[in-house]
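First up is the structure itself, then whatever we jot down about it.
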Amino acid sequence: MKIALIGYGNMAEVLGSKWVKKHPLYISGRNLEKAQALANKLGNGTECGSEADASSFAEVIVLATQHKAVFEAMDAAGGPDALAGKVLLDINNPVDAADGEFLPKHYDEGSLAEAIAKYAPAAHVVKAFNMCQAQVWQMEPPLFDGRPLVTLYCGDNPEAKQKVAALIEEVGCEPEDLGELKYARLLEAAAAIVIKFLFSGHDVHTVLNLIKPESRAIS
Ligand SMILES: NC(=O)c1ccc[n+]([C@@H]2O[C@H](COP(=O)([O-])OP(=O)(O)OC[C@H]3O[C@@H](n4cnc5c(N)ncnc54)[C@H](OP(=O)(O)O)[C@@H]3O)[C@@H](O)[C@H]2O)c1
């Protein structure tokens, strides 16, 4: 599966480092030096270049910029026509921690994922990987009490979802189909809860188990 990551930040690096073992990768973004640096770090022939070249390269495009830049990134990738038929993996949380409120931004009463689908109607949007902090996805594998992390995903296209489910397994997690893309509203809201707690000092590894880490030990 040819995968392009638009964005070269924490999530692009963590997910890329898992998938590079098995798939041809392409790193892109607004700063080609930074894209090149991540491509070099991931190695194994990882290429880098413009968003438009990333889009022609890949069958799966991971939107891995800050959430506010997602539409700019898709414009740079060539817009709706260039994205037609591609799997667009939306990992983003439309939450601005800086405002101190942690409420997810709504798009016409819907989710960011649905707004992406509206922008690129012939692409196949799947939402996944937004629920946990990068350090959790980085675990080799993400196990909790010896059990693999269940990773929720949603989308409207069965083939696209199958591809994303395989990518979830390759990160070491157990994919769980939440349903159609409209359920991204729940994923974005749930992640906003996680982010609010993380910013108030909760351990990233407690994820949605919102128990205090010190109360977890069972004698
Ligand atoms: N970090 C996490 O734990 C985590 C977990 C789950 C989901 N997510 C979601 O994943 C997405 C990426 O998060 P991250 O932690 O990887 O972010 P990050 O490390 O801060 O990297 C952000 C990326 O977005 C690019 N970017 C920012 N503003 C841009 C703009 N105006 N135009 C084009 N590119 C722009 C940055 O490029 P420059 O360096 O050039 O600015 C960089 O490549 C976010 O939407 C976040 O909500 C993050």
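The values are calculated or read from the model by the stated rules, or taken from the named source; none is laboratory data. The structure presented is a predicted model; accordingly, all values stated were derived computationally and were not measured. Every residue, glycine among them, receives a Cβ derived from its backbone with ideal geometry; neighbour counts consider all protein chains shown. To get the accessible areas, we keep the full protein, side chains included, count just its heavy atoms, and leave off ligands, DNA and RNA. Shrake-Rupley method; radii C 1.70, N 1.55, O 1.52, S 1.80 Å.
If you go through segment 156-193 and keep only what is under 13 Å from the mean Cα position of the chain (by Cα) and touching a residue at least 24 places away in the same chain (Cβ under 8 Å), you end up with 164, 167, 168, 171, 184, 187, 188, 191.
Within segment 116-143, the residues that satisfy the criterion of being open to solvent by 20 Å² or more (accessible area, probe 1.4 Å) and touching a strand residue (DSSP E or B) at 6+ places or on another chain (Cβ under 6 Å) are 117, 124.
If you go through segment 1-21 and pick out every residue that is assigned to a loop (DSSP other than H, G, I, E, B) and either touching a Phe, Trp or Tyr at 6+ places or on another chain (Cβ under 7 Å) or more than 13 Å from the ligand (Cβ to nearest atom) (or both), you end up with 4.
Against the condition within 16 Å of the ligand (Cβ to nearest atom) and modelled with pLDDT under 95, how does residue 201 come out, does it pass? Yes.
With respect to (1) open to solvent by less than 50 Å² (accessible area, probe 1.4 Å); (2) farther than 18 Å from residue 188 by Cα, the lone exception for residue 147 is condition (1).
Taking the criterion of being closer than 16 Å to residue 138 by Cβ, surrounded by fewer than 19 Cβ atoms within 10 Å (Cβ to Cβ) and not acidic (Asp, Glu), the only residue of segment 163-178 that qualifies is 172. In summary, helices (runs of 4 or more DSSP H) completely within segment 22-138 and bearing 2 or more residues that are closer than 30 Å to residue 196 by Cβ and more than 16 Å from the ligand (Cβ to nearest atom) occur at 112-119. Only one entry of 57, 129 meets the criterion of being of a type in the set (A, V, I, L, M, F, W, C), at pLDDT 95 or above, under 23 Å from residue 171 (Cβ atoms) and in contact with a Pro (Cβ under 9 Å, 6 or more places away or on another chain), and that entry is 57. Being closer than 26 Å to residue 55 by Cα and in contact (Cβ under 8 Å) with a residue 24 or more places away in the chain is the requirement here; does residue 117 meet it? Against the criterion (closer than 26 Å to residue 55 by Cα and in contact (Cβ under 8 Å) with a residue 24 or more places away in the chain), residue 117 qualifies.
Go through the residues of segment 40-58 one by one and say whether even a single one is of a type in the set (Ser, Thr, Tyr), more than 22 Å from residue 155 (Cβ to Cβ) and open to solvent by less than 70 Å² (accessible area, probe 1.4 Å). Yes: one or more hits. Scanning segment 150-162 for residues that are more than 16 Å from the ligand (Cβ to nearest atom), surrounded by fewer than 18 Cβ atoms within 10 Å (Cβ to Cβ) and not in a loop (DSSP other than H, G, I, E, B) gives 158, 159, 162.
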